[in-house]
Each structure stands twice: as structure tokens, then as C-alpha cells.
Amino acid sequence: MEKTLDTKYTYTEKKDTRSGFGDGFLELGRKNENVVGLCADLIGSLKMGAFQKEFPDRFFQVGISEANMMGLAAGMTIGGKIPFTGTFANFSTGRVYDQIRQSIAYSEKNVKICASHAGLTLGEDGATHQILEDMGMMKMLPNMTVINPCDYNQTKAATLAIADYEGPVYLRFGRPSWPIFTPADQKFEIGKAWKMIEGKDVSLFATGHLVWEAVVAEAMLREEGISVELINIHTIKPLDTEAVLASVAKTGCAVTAEEHQLNGGLGDSIAQTLIRNNPAPQEFVGVDDSFGESGKPVDLLEKYGLNAANIVKAVKKAISRK
Amino acid sequence: MEKHSTEKLQAICSQVRRDILRMVHSCQSGHPGASLGCTEFFVALYFDQLKHNKDFNMDGTGEDLFFLSNGHISPVWYSVLARSGYFGTGELATFRKINSRLQGHPATEEGLPGIRVASGSLGQGLSVAIGAALSKKMNGDNRTVYALMGDGEQQEGQIWEAAMCAPHHKVDNLIASIDVNGQQIDGPTHEIMNLLDLKAKWEAFGWEVIVTENGNDISQVIQSLEKAKSLLGKGKPVLNLLHTDMGYGVDFMVGTHKWHGVAPNDEQLEKALAQLEETLGDY
């Protein structure tokens, strides 16, 4: 179906976003000698092996001890290091929430929490590992910046950008091979939404893997004469409220799409922005208060209502409520 | 740093104990018990052992660093920081009150000089100290990192993650102490969750372990810390089992968990202060 669609963005290659992190991290190692790595027994999964090989003195295998890893990272900032921690998103957030809260966020430490295998698209490992609450937990923490890039290129660009930003960052990415549809040479600006497609009937705010689903949905809707403005929200916090409000002022309604629980996700942040400034109809694409399960990523997105077809439905509903 | 005599250090301890009692009395909250018990340790560190700069900067390059993991004993730390020149002693009067830099548990957000990480939620400080020690190694900075934990805190799982990590990474520029006073909020540690043989446990994890039999004898505390320093640089971190009496220095507070987190009333304060000489002037 995708092949016959006239999408505004196209791809020739698919790659996992975690590889974007791994490649960006290696590049960072060469650019900035203060960048150091820590990993809790998932070097291969996080694609941190190349950095470890090239900079063994700046890389620490900490074993299966995520709480300790967060403390180590906080301590390493004292003396000017920029630690990047690597483990799955589940073990980067829920398992170590209090450590991040006290030793990193409240203590204002320049730690970059790099979290792979987020969301349903982790696939076969099932719900124990498919965290869908991580962005919510992280965005609630004062001082924390939350970033959720959409493809290999954007993840690589984000990885490079967060090293130049002083303060704690949660960088979320994933496991599956995914279309690479954003430019390799993009400039990544933390907190700045990217308007990917101009439109007038609806503002579609998408983040992470679902940006690609939104690109597909836009093409499907365009065939039916519906004009979608697609905005890529790679930074969940701080939210680019100016971009959100400017778009909705024009279109009059909003749809959000994310691989996350509806409770505490991007949709909540946008709803809060709209209700305070310019109340407008909004529809939400995300996981509705449930855990995931084992399966193929694409099948899971379909079952839990997160694919392009679901975005199309949500857009039509939002427009009908104007 | 000029070396103080034992008598001078004991005199400082007396004043620090007065500060602790007056601080917790003033806000009618806070944790006097282990603050009193650890007074000799803090005075030994800040007035004898640490190479430190009272013009505080976060990175502490070329300085020894100290991390307090059991953050609830903030009164003793704040008093010692003020008495050693990090900030004015008058600020001790703001402890635990609104708009103060002296938060109930240590914090960095208000920029209090001397504090490098927030603590209070137990179990986290040793990991942070190991991170700072590794950072020093990467930077070629040969100064030492110190940490203090509580004995009740040994019940936290993260402590043992950190205990396993430091020897593995050969963090031999780290001296961690445990305040072994045998007490925690709900009662004696052996009743609440028995710690059994801490020495054997830490040795089994790969640490060089020393014991300070009487952590309320300042000469002994200094001897132990000197011994600990002599063991650094040999591939292993050092653990100091610092035996203290909770509430030491005040006869009706000593040796019981009842004063872990209870402030004295007016009458009790008066009775306690009568046992402690005012040596440096109350704040």
C-alpha cells in the first residue's frame, strides 16, 4: 500500500534508530573527549560497541546494575565528564526513577540517559520490556529534557545535539528497522518542532516511530482531499508551544500520534497547551491504558491502534468536531 | 592546612554538637542522633584530612571530595561546612525553614557551597562517589574521594551494586565509611534487618576493610583515615567501619534510636547544651 502512495517523504533504506544513536555516539567520542559511556550489559543492543572499542578508557561496563549506573553517571559529571548511559528504556526509567530524580534531575547533573527498545515496536520480547510510560515519567521531572526522534538520521542528529546542551536529557529510541526519511544533514534543534508538511485542515503532531505512520496517513488523506499539516515533535519537553499554537490557530483542530500511553504522553502535553491558550478539538493516537504483548512490530501497531489507518480515522474525527 | 591539636579538634566537636542541637531545636525537626554520633568523623575530615577549598566549585579539580549518602544527618555537615568557612555560621539558623539553602536533606538546587549532589533517599551516594572517583582518574587528578553511609542504609540494594562495581573498576582513590551505630528509625539494626558481618561482606566484595573501634575518639578517627589513605592506589577501594554511638555527647540521647529523628524541646535543649562547652561562639 505504501508503495503506491504519493508520500511527501520517501525512503530507500530502513535502519533501526538505535543504530543512529550508536553511530552518533561514536562520532561524538571523536569530537568531544569529555563524552564517556556507561552500559548495563547491553552494549550490542545499544550499538555502543564501536565507541567502547575506540575509547576503552572512556567506557564503563557496569553489569546488570542500572541504579548504580545512574549514580556513577551523576558522579562522573563532577570533573566535567558528559556521561551517556545505555540500557533499555524500561530499565532507563521505571527501574531507576528515584536515582534519576534525586541524583540527576534534582541535582542538575549533565547526564544523557539513552534509552533503546522503547514502545510496542520492541516486538517479540513482550510487555515486560515494552515500556509505554517512560516519556510521561521523564517529562514530569523538573530539569529534564525529553527527546524522541523518528528515524536513524534524526536519532543520530539528536545524539550529537544533546552533548552540546548542559543538563539532564532523556533520549528515547527503538529496536525495529524503520524507514529513513529525514535528511542526513539535518540540524537538530532541541525544543524546536519541525513542520514537515504545510496544511490547513488539521494539525497532526507526531513523535518517534509514528512520524513515519503520519507521513503515510497524510498521503492517504490528501487523496481524499484533506489537507494535513504534519509537525514532527522530536522534543517532548520542552514542548514547542509556539509551533503548536500557531498551527492549531490556522487549522482549528489537532491529532497527536505517539508510541506511548495516552496518559502522560505527548497528547497530554499538547492538550494542556491548547486548553490554556486556544481550546480546540483534539484526537489522540496512542496506547489506551493497556500493556503490550509479544508480536511483530507492525502487527502490534495495528492491534493497538497506532498505525497510519488509525491516524486517518483520528484526523477525520477531529475535523468533524470543529 | 595548619594541623590542629587534638584538644582544638575536640573543642570544635563541642561547638558542632551545640550547632546540631540548636538547629534541630529551632525548626523542631531533623535528625540529631547520628549527627551527634558522626561529629568526630566530620571534624576530622574537614579540619584535618581533606584538601579542600572553601571557595567552592562543583568540579573540585585538585581537591579531595566528600559525599554524604545518608543525607538525613545534614545538621552535622552544615555545621562543619559553616565552621570551616564555606558559608556564614548565621545561615545555620535557617535550617529546614522556608527560603533556606539548608534544606532538610542536602541539595544543590539553591547552590549551597560544599554540596555536590542531593542525598536523602538512601543508597545512592556510594555510586555517585564512585563516579566522581572514576572522573578524577580519567582527568589524571590524584586526589581522593570520600563517602559516608549509614549502617541501616546497608539494607538498600543499590549499595551492593556499588560495592561490586568499585573493586571491579579498581577504584582505588576512594575511602567509604559506614557509620556503624547499630540503630535505625524503627529500632536496633539487628532487630529490623540484621546486617550480620559487614566486615566479611565488604571484604568478600573485594574491598580493603579497616575498622575504627571508637568513632567518637577523634584521634582514632584520624588514625583510621590515615591508615585508609595509606591503602589507596593499590587497585582496591577502602571501606572504613566507623563504630559510633548515636547521640554521643548528650547523656540522655546516647545509644538509642529514639533520637534518630526527634528534636529536643526547650527543656531538653537546655539540659543538653549544659553538657557541651561553647568553644567557638554560638551562631
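The values are calculated or read from the model by the stated rules, or taken from the named source; none is laboratory data. These numbers come from a predicted model, not from an experiment. Positions of Cβ are generated from backbone atoms using ideal geometry, with glycine treated the same way; all protein chains shown enter the neighbour counts. Only protein heavy atoms, including side chains, enter the accessible area calculation; ligands, DNA and RNA are left aside. Shrake-Rupley method; radii C 1.70, N 1.55, O 1.52, S 1.80 Å.
Here are the numbers:
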item	result
Cα gyration tensor, segment B:1-115 - rounded (a/c under 1.5), prolate or oblate	oblate
With Cα atoms, 0 to 90° folded angle of helix B:74-83 axis to chain B main axis	90 degrees
23 Å Cα-Cα reach of B:K136 towards lysines, excluding residues that sit fewer than 8 places from it in its own chain	A:K31, A:K53, A:K81, A:K109, A:K112, B:K51, B:K54, B:K170, B:K227, B:K229, B:K234, B:K236
Over segment B:185-229: Kirkwood hydrodynamic radius from C-alpha pairwise inverse distances, Å	12.4 Å
Distance in nm between pseudo-label sites at A:N278 and B:E213 (7 Å out along the Cβ direction from Cα)	7.7 nm
Filtered chymotrypsin sites (Phe, Trp or Tyr not before Pro), segment A:276-322: DSSP coil and at most 15 other beta carbons within 10 Å	A:F291
FRET efficiency estimate (nearest 0.05) - Cβ-Cβ, A:D6 to A:K187, R0 25 angstrom	0.40
Residue order for B:I73, B:I222 - accessible surface, 1.4 angstrom probe, largest first	B:I222, B:I73
Helix B:6-27 axis, angle to chain B major axis (alpha carbon atoms, nearest 10°)	60 degrees
Cα→Cβ-extended label distance, 7 Å offset, between B:T279 and B:D197, nm	3.8 nm
Extended-chain gain in nm, criterion 0.36 nm per residue less alpha-carbon gap, B:H169 and B:D186	2.5 nm
Within the accessible area of segment B:79-212 (1.4 Å probe), percent carbon and sulfur	50 percent
A:L5 accessible area, assembled protein chains, probe 1.4 Å, Å²	20 Å²
With all protein chains modelled, accessible area of A:D23 [1.4 Å, Å²]	60 Å²
Within 10 Å of each Cβ in A:59-68, the average number of Cβ atoms from other chains	6
Fraction of antiparallel bridges per DSSP, segment A:194-320 only, in percent to nearest 5	20 percent
10 Å binning of all Cα-Cα separations within the protein assembly as shown, expressed as whole percents from 0 upward	3, 17, 24, 20, 15, 12, 7, 2, 0
Acute angle (nearest 10 degrees) that the helix B:157-168 long axis makes with the longest principal axis of chain B, alpha-carbon atoms	40 degrees
Cα gyration tensor category, rounded, prolate or oblate, for segment B:113-176 with a/c compared to 1.5	oblate
Top of A:T182, A:T145, A:T207 by mean-square fluctuation, Gaussian network on chain A, Cα under 10 Å	A:T182
Approximate spin-label separation A:K200-A:V298, in nm, with each point projected 7 Å along Cα-to-Cβ	3.6 nm
Calculated FRET efficiency for the pair B:E109/B:D266, C-beta based, R₀ 22 Å, to 0.05	0.10
Inter-centroid distance (Cα atoms) of segment A:222-281 relative to segment A:99-157, Å	20 Å
Tensor-based shape of chain B (alpha-carbon gyration tensor, a/c under 1.5 rounded, otherwise prolate or oblate)	prolate
Fraction of beta bridges assigned by DSSP in segment A:1-94 that are antiparallel (%, nearest 5)	0 percent
Calculated log₁₀ intensity ratio I(q)/I(0) where the Debye formula runs over C-alpha points of segment A:194-320, q = 0.13 Å⁻¹	-0.45
Greater than 29 Å apart at Cα, pairs in A:K47/A:K139; A:K14/A:K317; A:K156/A:K317	A:K14/A:K317; A:K156/A:K317
10 Å Cβ neighbours from other chains, averaged over peptide B:159-169	4
Förster radius 45 Å - calculated FRET efficiency between A:Y165 and A:K250, Cβ distance, rounded to 0.05	0.90
